[in-house]
Structures are given as C-alpha cells and as structure tokens.
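Undergrad: Before I ask anything, here is the structure I am working with.
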Amino acid sequence: MTGADRRQRRGGAGRRDHWVTVLIFCFAALAVIEFHEPPTVRLLGAPADAVQVAFPDARPSINAYGSSGEVRVQLALPGQLVEYPLEVSGDPTSLGYQWVRMSDSLPADSVRLLGGATVVAPPQPGFYMLSLVRGEERRVVDELTLAVLVPFAQKLGGQLNGYRIGTYLAERLGARQSERPAGFVEVASADADLALTKHFKLSDFISHDNQDTWPRYAAISPKLLDKLELVMTRLARQRGDSSRVALRVAVHSGFRTPSWNLTNRFAGDSRHQYGDAADVAIDANGDGRFTLADSRLVALAVDAVERDYPELVGGLGLYSGPKYPVPHVHIDARGTRARWRG
C-alpha cells in the first residue's frame, strides 16, 4: 500500500469518527431536552411559581359573627364602609373583591382592591355575598350575608314602594335622626327563609300586618340578633352540653310597622318599630311546652347576658295569663334597662 493510499484510508476513518461523535452529541442533547425542567421565570417579589400558587383560603373572622358567634348577616346602607374581617391563609395583597347577588351570584359592582377589613357595600339594596378575585379566579365567601338597606329617606309619607309603613314619632315631632331606623331590609318572598342567625330567619322579623304585597320591608338590629343568640346559648348551657341541646323557639312578633303598632293602643312607641325587639317563646326546660316556667328561665338568661355584655342592655317583659294563649317574653336592646310584666 502506497503512502497516498494510507493517507486516504486514514482520512475516511477520521470522517467516520467525526460523524459518530456528532450523532452521540445529538442523542445526548435530546436526552437533556427531554428530561431537563427549565427554571421558572418570575417577577421580582412574586411567588417562586406564580402559576401554581393556590388561591388563598379566606373566610370571615370569628368576630364577624358578633359576640355570640352565631350572627350570619351584616347590615349596611348603599355604598357604606363595612367592617368585614377575614382570615386569609396566603398573600391577601394579591386579592380583590366584588359583591355578587345572593339570588343569582352575578356581579353587582366592579372589582376593588382588598386593602384590609373594611369593604365598600354595593350601591343597590339587596342581599349579597363577597367574592374574592385574583386575575380570572373567583371564590365566593358564602358564610356571611350582607344586607344592603333601603335608606329611610326613600320612604315617602307613610309608604315605601307601595308597602304601608306609617310614620315614626321622630317624624311627627321632628326629633333627632337617631330615633328612626337608618333603613329597611327589602324582603322578596324568596328571601323569607334566609338565615339571620343560628336560630332565627328573616321571616321571623316581618311585620304581621296583614299586607299581602311584595316586597315587604323590615327594620332589623344586629344587636338584637346577637342578644337573642347569647340568650339561647346561655339556656342551652343550663341544660347541658350546648352543642347537643336544641331549644325550640317561636317568634311571636319581630318588626312592627308604626302603622300596625297603632292598632295596639297599649303598645306606645314600641321598640318593635325600630327593629331591636322581639317577642319569643322558648322551651327552656325542654318539656315540650311553652310555659311561665320557661319564661322565668329566659328572664334569668337575659339578666346574665346583660351582665356579661352591658352594650346589649335593654328591656325584658314577661307576658302570661288568660289573654295570652302562649306565655312569652319580650326582649329588646334599647340601650337602657327596663323590666315589666304584661
């Protein structure tokens, strides 16, 4: 073999070795591409993997439910600032909020930044739930309902949207603004079963005034709702484990329109007109009946609650005797102590 032949043979072998090397490199590169997970690109200050961060878990704080922990509704005027404390696991600064109507879960206003425990109520009366927003994600907080009131000023004379309410003493005497309700809850027939607390629903506070038009309107006091639930808790504890004891309760009268209140010449300027009074019968001793003995136990519970929560002090009246088919108790949160027997 000549020198030229040997050089040609070595050149062919070199080219083969070169292509083998190229093929090995290509296979290695494909393997790296298949099994390598590229690093996540993120903005400064954002989570390490913004796409996979779970939506923060949020629910109302325990103090959102009143001292009793059982009040499930808040009241506000349209556009009013509302304390709505939330417990948020995760980054709350990434969230916005929007109100949705309870009836159809449709948005009622624009998205706002969640900047703390204070939120802005929707502009229109009705019942709403808070929807937390992050980008395209939505999550409704359905444990607490916001009732936006119809302002008192929208009452024309003695009527509100065709519903007869009458006139308040403050209107007749020109007394100060605090002696009239701030507004009224607007109640459609489909809203009547809305739970206001653990034991009481919206229909319990609608005036028994024989009007058959809808919507109806009622004044409701969160303080009264809280006080009633504290009384129920106290009575349950007296009977045993409060988590296992269910007390039977009947509401004889909640809100009364001033027009309806005038039909009872002994009622005077009743607290029922202002939404902070209720007449209730509670089977406090669990014997299956509503009796005077029950009313006395309820009275003791009311006294105990007012000692522990002086901001809920109010009136207590016991009604029994031949003219009352069922003994019951009047409880209110007027702000001053009053006691009587009917």
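Undergrad: What's the total number of residues in the stretch 181-224 that are over 17 Å from the mean Cα position of the chain (by Cα), of a type in the set (D, E, K, R) and under 20 Å from Ala76 (Cβ atoms)?
TA: Qualifying residue count for the region: 1.
Undergrad: Provide a single number: the residues in the stretch 162-179 that are at pLDDT 95 or above and either in a strand (DSSP E or B) or open to solvent by 70 Å² or more (accessible area, probe 1.4 Å) (or both).
TA: 2
Undergrad: How many residues does the stretch 102-135 hold that are part of a strand (DSSP E or B) and within 22 Å of Pro56 (Cα to Cα)?
TA: Narrowing the stretch 102-135 to residues part of a strand (DSSP E or B): 107, 112-113, 118-120, 126-134.
Then keep just the ones that are within 22 Å of Pro56 (Cα to Cα); that gives 107, 112-113, 118-120, 128-134.
Adding up the residues that qualify gives 13.
Undergrad: Just a yes or no: is a residue in the stretch 135-148 closer than 30 Å to Thr263 by Cα and of a type outside the set (Gly, Ala, Ser)?
TA: First, the residues of the stretch 135-148 that are closer than 30 Å to Thr263 by Cα: 147-148.
Applying the additional criterion that residues be of a type outside the set (Gly, Ala, Ser) yields 148.
Yes, that holds for at least one residue.
Undergrad: Test of understanding: among Arg256, Arg307, Arg296, which residue is of a type in the set (D, E, K, R), under 20 Å from Lys223 (Cβ atoms) and outside any loop (DSSP other than H, G, I, E, B)?
TA: Criteria check complete, one pass: Arg307.
Undergrad: Which residues, taken from the stretch 180-226, are without any contact (Cβ under 8 Å) to a residue 60 or more places away in the chain and not in a loop (DSSP other than H, G, I, E, B)?
TA: Phe184, Val187, Ser189, Lys201, Leu202, Ser203, Arg216, Ala218, listed by residue number.
Undergrad: Across the stretch 68-89, what is the total count of residues that are open to solvent by less than 60 Å² (accessible area, probe 1.4 Å) and either within 30 Å of Val305 (Cα to Cα) or at pLDDT below 90 (or both)?
TA: Residues in the stretch 68-89 being open to solvent by less than 60 Å² (accessible area, probe 1.4 Å) and either within 30 Å of Val305 (Cα to Cα) or at pLDDT below 90 (or both): 14 in total.
Undergrad: Restricting the search to the stretch 136-161, which residues are within 26 Å of Asn210 (Cβ to Cβ), open to solvent by 60 Å² or more (accessible area, probe 1.4 Å) and in a strand (DSSP E or B)?
TA: Those that are within 26 Å of Asn210 (Cβ to Cβ), open to solvent by 60 Å² or more (accessible area, probe 1.4 Å) and in a strand (DSSP E or B): Leu156, Gln159.
The values are calculated or read from the model by the stated rules, or taken from the named source; none is laboratory data. Since the structure is predicted, the reported quantities are computational estimates derived from the model, not experimental observations. Cβ: placed from backbone, ideal geometry, glycine included. Neighbour counts: every protein chain shown. Areas reflect the complete protein model, heavy atoms only, side chains present, ligands, DNA and RNA absent. Shrake-Rupley method; radii C 1.70, N 1.55, O 1.52, S 1.80 Å.
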